[in-house]
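Laboratory data are not the source of any read-out in this text; all were calculated from the coordinates shown. Please read these numbers as outputs of a predicted model, since none were measured by experiment. Note that each Cβ is placed from the backbone with ideal geometry, even for glycine, and that neighbours are counted across all protein chains shown.
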Amino acid sequence: MGESTARWSLGPYAAAVAARAAQLETDRFVERLWEKDSSLWTGDPSVQATIAGALGWLEVGAEMETRVADLDQFADEIRGDGATAVVHMGMGGSSLAPLVLGHAFGPQDGWPVLHVLDTTDPATVLGLEEHLDLARSLFIEASKSGTTAEPLAFGAYFYDRLGSALVADAGRHMVTITDPGSPLVEQSEARGYRRVVLNFADIGGRYSALSYFGLLPARLVGIDVADLLHRANRMAEACREPTVAENPGVLLGAALGELALQGRDKLTLVTPPAIATLGVWLEQLVAESTGKEGEGVLPIAGEALGPPSVYGDDRVFVVLDIDGETDSDVEAQLVSLADAGHPVIRLSVAGRAELGAEFFRWEIATATIGGVLGINPFDQPNVQESKNITNRLLEAVRERGLLPTGEVTGTVGPLSFYGYGEATGGGEALEALLDSVTAGDYVALQAYLTEGDEVDATLAAIRHRLRDGLRVATTVGYGPRFLHSTGQFHKGGPDSGVFLQITVDDARDVAIPGQPYGFGDLKRAQALGDLEALLQGGRRALRVHLGPDTRSGLAALADLIDAHLRVADDA
């Protein structure tokens, strides 16, 4: 397969992938993609019209190159004001590219530090506020539609806090990124925001990494976005190559789409620590784009590599090598996986600046997966379900002052269970959920918790115990972040998900200005709304409430899972 041959180990699937690439070439997929021919994904004229208005990402890199001078000028202006922090506030596609770039490049000497706020967890909001010098901070309220609940709440909160802290001209510390005509435009102008940046209406959120949503916050903290764009546009030129075997984006998508049709629908990402957050961005791009109509490719990010024996035959491994260096232990594991017949695809990333190119490669690949699977990769029809239920629950708060919590099906120590099946008493509901797992399923841990190293480590231990004990793929997502990414796949993708939602009492809530509820109430409503949507859709889902203490609750949950799996192993 051209230049990529040496980095692809497809084993028995090589012929099928080659045939798929040849078919796409016969169909003139590449040429039609760049012509923005929406019939590549559907024969429905009304859907074609919608898709035609969502393909601006194909050429946004070239357009943004013409705007680099303005970004540079604004960045110098903010630095000249003495700003020490830039806080990017958004959800999903409007926040994950800045998260990737901020982590990969780290703080730049002489520039503000980037913080990305994409959770309604009240402890996180408070912790961020306590860390900031409000008078020397710039807040970016980012929402394509201008109606997304979380960034609206973030904006209202920090605009209010700036005023309460007697910061002169609070609006001068606020910036908005949104689409033309969104409600945020009028609101931001009324509050006197420093700048309202209008993005491109023909780009969906998850394809917006190379637009203002990804590049403005990056430039404000000193990252060289001109270099990112140069590399992205070089990748774009490569992805115009009509010979699919020589096209880095279309070939990747053709392989992943064909492998999914062959049952290898768990895209297991192997990333070095320096670009680990790229996996979170890829989760959103691939899962939300492809998880619908009972189809899809599920990205597995952050799952440590294990021996071939812990994997089923539903995996494909994609490795991103940065600077051509891979840990020797990881290299040995990859060889053993390929020898065991698992497809392994190696992508070389020549340094962090190549993230611009990777953003574009994967956008092309994801669009191609949609073409192979015959689905529209530019909508998210099931995301609204959870939002609607969440809004109904918040109305209950407005009317009655409290949230309905559901019926407890069992308790064990500090743990309370809500939801799945008919089981009652003790941990029977959890046992029933785990007993329902079969080959080809995946277990999703949905953590409505405060992120931190200790929580990360405990969740990782639980997921790997589940993977090794059940031999199925596992995911971990923090709520509400995952609702704007894998949440679409959970409800619209194949019925192979088993969902364990994890909630905890918040030690303190934080009021949202203009609302009768706080961030904690909003987070709980989002959790309950998503659980209800999953159960209404016939998905296998259970909520476990940890009680007031995250550490002891997670320890109890880990012990309960381990005990169940040991019994299953002995059976």
Practice prompt. In whole Hz, with x marking every Gly and Pro, tabulate ³J(HN,Hα) for the stretch 487-500 from phi via Karplus 6.51 cos²θ - 1.76 cosθ + 1.60, θ = phi - 60°.
Written response: x, 5, 4, 4, 9, x, x, x, 7, 10, x, 10, 10, 10
Worksheet entry | Karplus-derived 3J(HN,Hα), 6.51/-1.76/1.60, for each residue of the stretch 290-297, Hz, glycine and proline x | 9, x, 7, 6, x, 10, x, 10
Worksheet item: Which of the peptides 283-291, 442-450, 455-463, 153-161 is most tightly packed, and how do the rest follow, judged by the mean count of other Cβ atoms within 10 Å per residue?
Response: 283-291, 442-450, 153-161, 455-463
Response to the item:
Mean separation of Cα contacts under 8 Å (at least 6 apart) over the residue count of the chain, i.e. the relative contact order in percent, is 17 percent
Worksheet item: What are the residues whose amide H is under 5 Å from the amide H of Val113, where those residues sit 5 or more places off or on another chain and H is modelled from the backbone?
Response: Ala85, Val86
Fill in: Cα gyration tensor shape of the stretch 60-229, rounded if a/c is under 1.5, else prolate or oblate by comparing a/b with b/c
rounded
Response to the item:
At R0 = 22 Å the Cβ-Cβ FRET efficiency linking Glu186 and Ser164, nearest 0.05, sits at 0.40
Worksheet item: Under a straight-distance cross-link criterion of Cα-Cα below 26 Å, which lysines are reachable from Lys36, leaving out those fewer than 8 residues away in the same chain?
Response: Lys144, Lys292
Practice prompt. Report the label-to-label distance for Ala276 and Gln384 in nanometres (one decimal), using points 7 Å from each Cα along the Cα→Cβ vector.
Written response: 3.8 nm
Response to the item:
By the DSSP-based rule, helices of the chain that are at least 27 Å long along the axis (C-alpha) and have a mean Kyte score of at least 0.0 are 550-570
Item to complete: Any chance you could run the full-extension gain for Thr405 through Glu454? It's 0.36 nm times the residue separation minus the Cα-Cα distance, nm to one decimal.
Response: 14.9 nm
Worksheet item: In the stretch 328-437, which GluC sites (Glu not before Pro) are in a loop and have at most 15 other Cβ atoms within 10 Å, using DSSP for the loop call?
Response: Glu407, Glu422
Worksheet item: To the nearest 500 deg cm²/dmol, what mean residue ellipticity at 222 nm is calculated for the chain from DSSP H runs of n ≥ 4 alone, each contributing -39,500 (n - 2.57), summed and divided by the residues?
Response: -14000 deg cm²/dmol
Practice prompt. Mind checking which aspartates and glutamates have their Cα closer than 13 Å to the Cα of Lys387? Skip sequence neighbours fewer than 8 apart in that chain.
Written response: Glu150, Glu395, Asp530, Glu532
Worksheet entry | Karplus (6.51, -1.76, 1.60) ³J(HN,Hα), θ = phi - 60°, over the stretch 342-347, in Hz, Gly and Pro reported as x | 7, x, 10, 10, 9, 10
